[in-house]
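No value in this document is a laboratory result; all are computed from the given coordinates. For clarity, every value in this text was computed on a predicted model and none was experimentally measured. Every residue, glycine among them, receives a Cβ derived from its backbone with ideal geometry; neighbour counts consider all protein chains shown.
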Protein chains: 2
Amino acid sequence: MAFARRNGAEDSSTRTALIDAAEQLMVEEGYAAVSSRRVAGRAGMNAALVYYYFGTMDDLFLAVFSRRAERNLEAQAEALASDQPLWALWDVTRDQTNTALNFEFLALGKHRKVVGAAITESCFNFRRVQLDAMPGILKRYGVDADAWAPAVVLLLMDGMSRFLMMEEAFGLDIGHTEMIALIEGQIRALEGEPRSRKPRPRAKKRA
Amino acid sequence: MAFARRNGAEDSSTRTALIDAAEQLMVEEGYAAVSSRRVAGRAGMNAALVYYYFGTMDDLFLAVFSRRAERNLEAQAEALASDQPLWALWDVTRDQTNTALNFEFLALGKHRKVVGAAITESCFNFRRVQLDAMPGILKRYGVDADAWAPAVVLLLMDGMSRFLMMEEAFGLDIGHTEMIALIEGQIRALEGEPRSRKPRPRAKKRA
DNA sequence: GTCTATAGCTGGATAGAC
DNA sequence: GTCTATCCAGCTATAGAC
């Protein structure tokens with residue numbers, strides 16, 4: 001855990017409810033809408049509790065970020081350990097659930113030092129976990145490591161996927177079908193047809 | 001111009017100063033810091049002038065966005081019309097100048113309807129201008145259009161470039177050198193060595 | 001743990017003088 | 001075009017009762 005907890009147990013239901021409310025507010029109305037009053041109001045709590053549990057708004061943001069990052073890191077680790085790791089990784093990165101929240105944190109992270117540091121550390125962890133697994137996976141499939149460095153393969157899968165999802169969040173999809181077909185074609189050449197794919201959450205309609 | 005102007009000439013120096021101040025504030029402190037009082041204060045003006053010129057804060061945001069989008073679109077059109085269009089396009093997309101501002105608008109655009117619409121329209125225009133030029137460029141270099149659809153080439157150049165810049169904005173660069181070498185190698189194979197490259201602005205250090 | 005009350009500040013937006 | 005004055009609302013954060 002990268003942030004200091006002011007008060008209250010880690011598994012306090014009040015604490016959890018406040019984090020839930022803050023996350024929802026960020027997604028629905030943006031980080032600027034996350035005030036102690038509005039977070040508490042949505043959670044059916046009193047505003048002073050935000051300060052009791054988190055001390056400052058920055059620490060509340062960090063709690064939201066860390067919880068989401070941990071969950072996503074676990075999902076990714078599970079994907080990389082599956083029997084079709086490339087398909088599983090691709091499906092995990094194509095998940096639109098976090099896109100709106102990511103936009104908020106990217107903006108927030110450029111202006112709140114502690115949030116920016118958490119983003120850098122978290123992204124680094126994701127890439128490190130991917131990089132630990134990729135060489136073994138590619139070797140198993142007989143991919144020439146000189147022609148396709150693991151880090152490059154990851155940028156083409158994870159990086160391109162993230163860019164496509166950002167565009168899709170704004171209704172842009174020029175070339176997406178072709179790009180997705182290209183990447184999935186490469187995965188198919190290595191792993192064959194996907195045997196079981198998790199249903200992939202798409203972006204919600206704009207309000 | 002996609003936004004309604006409340007009052008004042010398009011070339012009013014006061015109007016320009018307010019847009020300048022708003023843009024600076026967005027980059028330095030985020031969209032939440034853009035208030036009529038702070039914008040006016042930075043421009044050495046009175047807060048009421050913001051409402052005189054723009055009517056609402058939303059229209060001020062639109063003015064900032066539109067001005068930047070127009071400038072960037074011109075720079076891209078110039079690049080695509082140059083004698084080494086792929087190198088020029090690559091250099092234009094590798095420009096870090098706008099990354100911080102883009103983060104702000106991506107977040108803002110998900111919550112302010114008119115801003116979101118402006119982003120969608122602007123990105124669509126960028127891609128359309130690129131797509132108008134690419135087929136001719138690739139054909140001139142003898143690229144097989146069936147293997148490399150123009151839209152896919154653009155996602156690999158423009159899309160990947162944008163993703164790399166977002167990572168770099170947070171100090172992340174795993175695999176970047178290799179990815180850049182891969183893309184530049186492809187460009188070099190088609191256009192040879194770059195003859196004249198504009199100096200590429202990099203991200204500023206964090207404060 | 002949860003509450004009320006409060007200090008001190010900042011915000012969007014308008015009315016109306018000059 | 002530019003200003004002051006103003007309304008009403010919202011904000012972070014703390015003190016202290018229960």
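Annotations
- Size check on the range A:146-207: the Cα extents along the three principal axes, sorted descending, read 46, 25, 18 Å.
- Other protein chain Cβ atoms within 10 Å, averaged over every residue that makes up B:168-177: 6
- With the convex hull drawn around the C-alpha atoms of the range A:1-79, the volume per residue stands at 91 Å³.
- Cβ-based net charge around A:Ala17, under 14 Å, with every Lys or Arg adding one and every Asp or Glu removing one: 0
- Net charge in the neighbourhood of B:Asp158 (other residues with Cβ under 11 Å of its Cβ; Lys, Arg +1, Asp, Glu -1) is +2.
- Cα centroid separation, the range A:81-134 to the range B:120-169 (Å): 25 Å
- For the protein assembly as shown, the number of Lys pairs with C-alpha atoms closer than 17 Å, counting only pairs eight or more positions apart or on separate chains, is 8.
- Electrostatic tally near B:Met179: other residues with Cβ closer than 11 Å to its Cβ, Lys and Arg +1, Asp and Glu -1, net -4.
- The chymotrypsin sites (Phe, Trp or Tyr not before Pro) of the range A:112-207 meeting both criteria, a DSSP state outside H, G, I, E and B (loop) and at most 14 other C-beta atoms within 10 angstrom of the site's C-beta, are A:Tyr141.
- For B:Arg195, inter-copy separations between label points set 7 Å beyond Cα along the Cβ vector come to 5.7 nm, shortest first.
- Of the residues A:Pro135, A:Thr93, A:Ile119, the one whose Cα sits farthest toward the positive end of the charge dipole of the range A:65-191, with +1 on the Cβ of Lys and Arg and -1 on the Cβ of Asp and Glu, is A:Ile119.
- Across the identical copies, how the B:Glu29 labels are spaced - nm, sorted shortest first, 7 Å along Cα→Cβ: 2.2
- Cα-only Debye scattering, the protein assembly as shown: base-10 log of I(q)/I(0) at q = 0.14 Å⁻¹: -1.40
- Taking a ≥ b ≥ c as the square roots of the eigenvalues of the alpha carbon gyration tensor, the range A:54-112 is prolate, as a/c is not under 1.5 and a/b beats b/c.
- Evaluated with a Cβ-only charge set (Lys, Arg +1; Asp, Glu -1), chain A carries a dipole of roughly 620 debye about its Cα centre, given to the nearest 20.
- Calculated [222 nm] ellipticity per residue, helices only, for chain B: -21000 deg cm²/dmol; basis is -39500 (n - 2.57) per DSSP H run with n ≥ 4, divided by all residues, nearest 500.
- Hull volume in cubic angstrom per residue (convex hull over the Cα atoms of the range B:65-191): 107 Å³
- Label 7 Å beyond Cα on the Cβ vector: B:Tyr141 copy-to-copy distances, nm: 2.6
- Nearest-20 debye value, the protein assembly as shown charge dipole, Cβ charges on Lys, Arg, Asp, Glu: 1240 debye
- Taken residue by residue and averaged, Cβ atoms of other chains lying within 10 Å of the Cβ of A:144-152 number 3.
- For residues of A:105-114, the mean tally of beta carbons on other chains within 10 Å: 6
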